[in-house]
Amino acid sequence: MPTLRTDTSVPRTVTGLDTAPLSRAEVCETHTAVVFFVGDRAYKLKKPVDLKFLDYTTVAARRTACEREVALNRRFAPDVYLGLGEFRSPDTDVPEPLVVMRRMPAERRLSRLVREGAAVDDASAPSTSPAPIAPRSSGDCG
C-alpha cells in the first residue's frame, strides 16, 4: 500500500479505513488554476499551461508559483493563506503542489466586494488611478 502524507485538517477517504464522508467539493476553474472548495478549505491547483507570459509546464514551476503566491498573499491575509500542500497520483513519483487556503464566505470574497463597490483597502496598489473593472465572465470564481 502506498505511503500517504496526511494533514489532519484535510478531509479524506482511504479504502479500508472508517472515515466521515467527504462533503461535496465545489470546483472553480480559471485560465491558470483549478480551485476546489471542500468544507472550510480551498485548494488551488496550478494548471500545467504555457501562456508565454508564464510557464507552468513543469512541477517545479508550479511549486515555485504556489510558494510565491503564499509568500505574497500571506503578507495581506495571513489567516487565509495557510500554506503549501501537495498530493500524489498513484502513477507519478513527484507530488503536485497546491495552495491551501481558508475558505472565505462568498460575501467576503474580494471579487464580490469590488463588484459591489465596497471600499477595499489595497496596500499593494502601485498607483492612485483606479483600474477599470472587467465585466464578470461565466468562469469567474468570485
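The values are calculated or read from the model by the stated rules, or taken from the named source; none is laboratory data. Just so we're clear, the structure is a prediction, and the values are computed from it rather than from any experiment. As a convention, Cβ positions derive from the backbone with ideal geometry for all residues, glycine included, and neighbour counts pool all protein chains shown. Heads up: the accessible areas ignore ligands, DNA and RNA and are worked out on the full protein's heavy atoms, side chains in. Shrake-Rupley method; radii C 1.70, N 1.55, O 1.52, S 1.80 Å.
Remarks
- Each residue in segment 68-82 was checked for being in a loop (DSSP other than H, G, I, E, B) and within 18 Å of R109 (Cβ to Cβ), and 5 pass.
- Any chance L45 is part of a strand (DSSP E or B) and not basic (K, R): yes
- Criterion: out of contact with any Phe, Trp or Tyr (no Cβ under 8 Å at 6 or more places or on another chain) and modelled with pLDDT of 50 or more - qualifying residue of R5, R41: R41
- Condition met for R68 (modelled with pLDDT under 95 and closer than 21 Å to A42 by Cβ): no
- Taken together, F53, F37, F76 contain a single residue that is open to solvent by 60 Å² or more (accessible area, probe 1.4 Å) and either without any contact (Cβ under 8 Å) to a residue 12 or more places away in the chain or closer than 26 Å to S23 by Cβ (or both), which is F53.
- Residues satisfying the criterion are absent from segment 9-24 (criterion: at pLDDT 95 or above and part of a loop (DSSP other than H, G, I, E, B)).
- The set of residues in segment 83-107 that are touching a Leu at 6+ places or on another chain (Cβ under 9 Å) and either free of Cβ contacts under 8 Å to residues at least 12 places away in the same chain or in a loop (DSSP other than H, G, I, E, B) (or both) comprises F87, R88, M104, E107.
- One residue stands out among those in segment 97-142 that are within 27 Å of A61 (Cα to Cα) and open to solvent by 100 Å² or more (accessible area, probe 1.4 Å): the one that is modelled with the lowest pLDDT, which is P126.
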